[in-house]
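Accompanying notes for the structure given below.
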Amino acid sequence: MSELTDLVLEDTTEKMARAVVHARSEFATVRTGRANSSLVEKMIVEAYGVEMKMQDLASFAVPEPRQLLITPHDSTTMASVEKAIRNSDLGLNPSNDGRSIRLNFPPPTAQRRRELGKLVDAMAEEAKVAIRNCRRSARREVDDLQKGADISEDELARAEKDLDKLTHQYEAEVEAARIKKVEELLEI
């Protein structure tokens, strides 16, 4: 295979891998009833007169499976962190003991679990669409190389097969992550 098609395939592999990583990080934001700092790490908190991510203002610990302990680095930001949690769509009531904030995660209802499962399915489909878009873009690049007489028909056919393999591989990774998350959601 030519160096040009190798470059296209390498670039496409990187883009598809990033789509899988993004999907996994999106799945991590879905609440399962278990305490997980990823639910609040990227939450925006207004502190020191600017908006900051909570992960820049506090440290996190999980003392129990259904409890998250948030300890602000500076006690003056405690009220801001607590306010951000109350105003979020998590539906959690923070408990402040003066040094840290505790979040207790109640187990989600069966209906809520189904809704969250649908949300995860939609996120997975978005990731698969992104992967297919990467394939489509790479396919155009390879077609252009062939039209410009930079690669032969055989190299074009090999590149197309390789693109299909990559697409199936990364779609399978997204699907495996989706199944794992849905199983996590259905656990009590």
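Quick notes on this structure:
- Some residue of region 104-125 being of a type in the set (Val, Ile, Thr), within 30 Å of ASP89 (Cβ to Cβ) and not in a helix (DSSP H, G or I): yes
- When region 82-105 is filtered for residues that are small (Gly, Ala, Ser) and within 17 Å of VAL45 (Cβ to Cβ), the ones remaining, listed by number, are ALA84, SER88, SER100.
- On inspection, ASP144 does not qualify as under 22 Å from THR5 (Cβ atoms), in contact with a Leu (Cβ under 7 Å, 6 or more places away or on another chain) and either surrounded by fewer than 14 Cβ atoms within 10 Å (Cβ to Cβ) or not β-branched (Val, Ile, Thr) (or both).
- Single condition GLN111 does not satisfy, out of (1) in contact (Cβ under 8 Å) with a residue 60 or more places away in the chain; (2) out of contact with any strand residue (DSSP E or B) (no Cβ under 9 Å at 6 or more places or on another chain): (1)
- Region 1-81 holds no strands (runs of 3 or more DSSP E) entirely within its bounds that carry 3 or more residues that are more than 23 Å from the chain's Cα centre (by Cα), at pLDDT below 90 and under 16 Å from LEU92 (Cα atoms).
The values are calculated or read from the model by the stated rules, or taken from the named source; none is laboratory data. All values derive from a computational prediction rather than experimental measurement. Cβ atoms come from the backbone with ideal geometry, glycine included; neighbour counts cover every protein chain shown.
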